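The values are calculated or read from the model by the stated rules, or taken from the named source; none is laboratory data. Small disclaimer: the values here were computed from a predicted structure and weren't measured. Every residue, glycine among them, receives a Cβ derived from its backbone with ideal geometry; neighbour counts consider all protein chains shown. In case anyone asks, the SASA skips ligands and DNA or RNA and just uses the protein heavy atoms, side chains included. Shrake-Rupley method; radii C 1.70, N 1.55, O 1.52, S 1.80 Å.
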Amino acid sequence: MDRFDALILEAIQSDARMTAEALSKQVGLSPDACRKRLARLRASNVVESEITVLAPDQVGRGLLLIVEVTLQNERMEDLDRFKAQMRAAPEVMQCYYVTGNADFVLIISARDMADYDDFTRRQFFAEENVLRFRTSAVMDRVKTGFSMPVLDMVDQSRRTSQ
């Protein structure tokens, strides 16, 4: 990955629908070169997914919750079962297996507290391996997204190789 790849990645993280022509102006390469580089980055799985971020309140899911879940047992089959349950639950926007005080951190959307209560009954209270969970309600989405500072990595790599 070179500086042009990094510039392309930086640009599409804020707008995945950016045209090759718009990328060309931002990156300083021809539109055809941008198309080819972007196709290579997608094919090599550097670009994992291109998503649409919805406004939660506009789709009736205005309650966002951050939930820490601690399991009773961390045997592989228990972890795999819990991970599969979270992948299958449409309310779970993000799920991370983590170190620290909890085993998992979840980002969940709900219509309201009653909807979240229903989720906890189905996913936590009905699951004998869930020891405890701690919930924080999001008061303000200060920053959301998945953008990563890619250009810094390329610049750092160039400095260390000199």
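Helix 150-161 and the longest principal axis of the Cα set of the chain meet at an angle near 60°. Normalised by the number of residues in the chain, the average gap of Cα pairs under 8 Å and 6 or more apart makes the relative contact order 30 percent.
Taking amide H positions as modeled 1.01 Å from N, with prolines and chain starts lacking one, the residues under 5 Å from MET93 and 5 or more places away or on another chain are ILE107, ILE108, SER109. Per-residue Karplus couplings for the stretch 131-146, computed as 6.51 cos²θ - 1.76 cosθ + 1.60 with θ equal to phi - 60°, are listed in order as 6, 7, 9, 10, 10, 10, 7, 6, 8, 8, 7, 6, 8, 10, x, 10 Hz, Gly and Pro entered as x.
Listed by chain and number, the lysines whose C-alpha is less than 20 Å from the C-alpha of LYS36, apart from same-chain residues fewer than 8 away, are LYS25.
A Förster radius of 25 Å combined with the Cβ-Cβ distance from ASP152 to GLU48 puts the calculated FRET efficiency at roughly 0.85. Rolling a 1.4 Å probe across all protein chains gives GLU74 an accessible area of roughly 100 Å².
Pull out a ≥ b ≥ c, the square roots of the eigenvalues of the alpha-carbon gyration tensor of the stretch 83-139, then state rounded if a/c is under 1.5, prolate if not and a/b is larger than b/c, and oblate in the remaining case. Rounded. For the chain, a simple Cβ point-charge model (Lys and Arg +1, Asp and Glu -1, everything else neutral) yields a dipole of about 560 debye relative to the Cα centre. With the convex hull constructed from alpha-carbon coordinates only, the chain shows a mean projected area of 12.7 nm² over all directions. Using a simple spin-label model with pseudo-atoms 7 Å out from Cα toward Cβ, ARG87 and ARG75 lie 2.1 nm apart. Calculated accessible area for the chain comes out at 67 Å² per residue, all protein chains present (probe 1.4 Å; ligands, DNA, RNA ignored). The GluC sites (Glu not before Pro) found in the stretch 1-48 that occupy coil by DSSP, while having at most 16 further C-beta atoms within 10 Å, are GLU48.
Over the residues of the chain, the helix contribution to mean residue ellipticity at 222 nm works out to -12500 deg cm²/dmol, using -39500 (n - 2.57) for each DSSP H run of at least 4. Can you work out the PRE-style zone for ALA39? Point 7 Å along Cα to Cβ, and I want the residues of the stretch 9-33 with backbone N under 12 Å. The answer is 32-33. Where a ≥ b ≥ c are the square roots of the eigenvalues of the C-alpha gyration tensor, would you call the stretch 56-99 rounded, which needs a/c under 1.5, or, failing that, prolate if a/b is larger than b/c, or oblate? Here the stretch 56-99 falls in the prolate category. Kindly express, to the nearest 10 degrees and within the range 0 to 90, the angle between helix 76-88's C-alpha long axis and the longest C-alpha principal axis of the chain. Around 70 degrees separate the two axes.
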